[in-house]
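J.: Supplied in C-alpha cells, the structure appears directly below.
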Amino acid sequence: GYMVLWIVGVSASLNFAAYAFRTHRSLARLCLLASPFIGVGGWTALIAVTNGIHSPFIAGLWLEIVLSAMALRQNGVVFVTLGSGVALWAQQLWLGLGGNLRAMVLQTGFLVGMGMATFLLTRRWTLTQKSLAKEREDLSVERVRLESRLDLLNRRLEDERSLAVLHGAVVLLDGN
C-alpha cells in the first residue's frame, strides 16, 4: 500500500537532492557516488515490499546498472553490478529464500550479464574516446606542421616574385 509510495518518495527526494547539489564543487563527487547507492537501495526496498524475487521492480536494478555507465567509470559499473546482486540476495534472504533459489540464480545471472555488457560497452566507448583524442592531437600537430610548411613556401614564392621583378628590371636596363 502506502509503503511503496513512501519508498518512491524518499528515493526520489534523495535523488533530486543529489542532482541539485551536484553543481557544488565540494559536493559534486559525493553526489555522483551517492546516486547509484540511492537508486539500488530504493529499488531493493521496492522489491522487498512487492513480492521479493517475483517483483517487477527488479528491472530497476537492471536500469541502475545501465545508468551507471553514464555516471561512473568502468569500475563503477562493476561496483553497481555487485551491489545490485548483493542487495537482491540480501532482501530475499530477509524475506526468506523458500523455493526461490532457481529464480534468484536466474536473476543474479541476468544482473551479471547486464553488468558485463555494460562494462564492455563502457570500456569500448572509453577506448574509442581516447583513440579519437589521440587522432585529434595527431591531426593538430600535422596541421601546425603543414601551416609552417605553407608559410615557408609562401615566403619562397614571394622571394621568387621579387627576384622575377628585379630580373625584369635588369633586362630592361641592359636593353636600353
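J.: Take the conditions open to solvent by less than 60 Å² (accessible area, probe 1.4 Å), on the phi < 0 side of the Ramachandran plot and aromatic (Phe, Trp, Tyr) and apply them to Phe119. Does it pass?
T.: Details: open to solvent by less than 60 Å² (accessible area, probe 1.4 Å): yes; on the phi < 0 side of the Ramachandran plot: yes; aromatic (Phe, Trp, Tyr): yes.
In short, yes.
J.: Filter the stretch 95-116 down to the residues that are open to solvent by 100 Å² or more (accessible area, probe 1.4 Å) and either within 18 Å of the chain's Cα centre (by Cα) or within 23 Å of Met70 (Cβ to Cβ) (or both) and list them by number.
T.: Going through the stretch 95-116, the residues open to solvent by 100 Å² or more (accessible area, probe 1.4 Å) turn out to be 102, 106, 116.
Selection gives Met116 alone.
J.: Shifting gears a bit: For the stretch 28-47, indicate whether the set of residues that are at pLDDT 90 or above, open to solvent by 50 Å² or more (accessible area, probe 1.4 Å) and not aliphatic (A, V, I, L, M) is non-empty.
T.: yes
J.: Could you check the stretch 64-94 and list, in sequence order, the residues that are surrounded by 15 or more Cβ atoms within 10 Å (Cβ to Cβ) and aliphatic (A, V, I, L, M)?
T.: Passing the criteria: Ile65, Val66, Leu67, Ala69, Ala71, Leu72, Val77, Val78, Val80, Ala87, Leu88.
J.: Quick check, is Ala117 assigned to a helix (DSSP H, G or I), within 30 Å of Leu46 (Cβ to Cβ), hydrophobic (A, V, I, L, M, F, W, C) and touching a His at 6+ places or on another chain (Cβ under 8 Å)?
T.: No, not satisfied.
J.: While we're on this one: Got at least one residue in the stretch 162-176 being out of contact with any Leu (no Cβ under 7 Å at 6 or more places or on another chain), among the polar types (S, T, N, Q) and open to solvent by less than 70 Å² (accessible area, probe 1.4 Å)?
T.: For the stretch 162-176, residues out of contact with any Leu (no Cβ under 7 Å at 6 or more places or on another chain), among the polar types (S, T, N, Q) and open to solvent by less than 70 Å² (accessible area, probe 1.4 Å): present.
J.: With a cut-off of at least 1 residues that are in contact with a Leu (Cβ under 8 Å, 6 or more places away or on another chain), under 30 Å from Arg124 (Cα atoms) and not hydrophobic (A, V, I, L, M, F, W, C), name the helices (runs of 4 or more DSSP H) lying wholly within the stretch 1-108.
T.: 28-49, 58-71, 74-95
The values are calculated or read from the model by the stated rules, or taken from the named source; none is laboratory data. Remember, it's a predicted structure, so these values are computed and weren't measured experimentally. Heads up, the Cβs are rebuilt from the backbone with ideal geometry, glycines too, and the neighbour counts pull from every protein chain shown. Note: accessible area is taken over every heavy atom of the protein model, side chains too, but ligands, DNA and RNA are not part of it. Shrake-Rupley method; radii C 1.70, N 1.55, O 1.52, S 1.80 Å.
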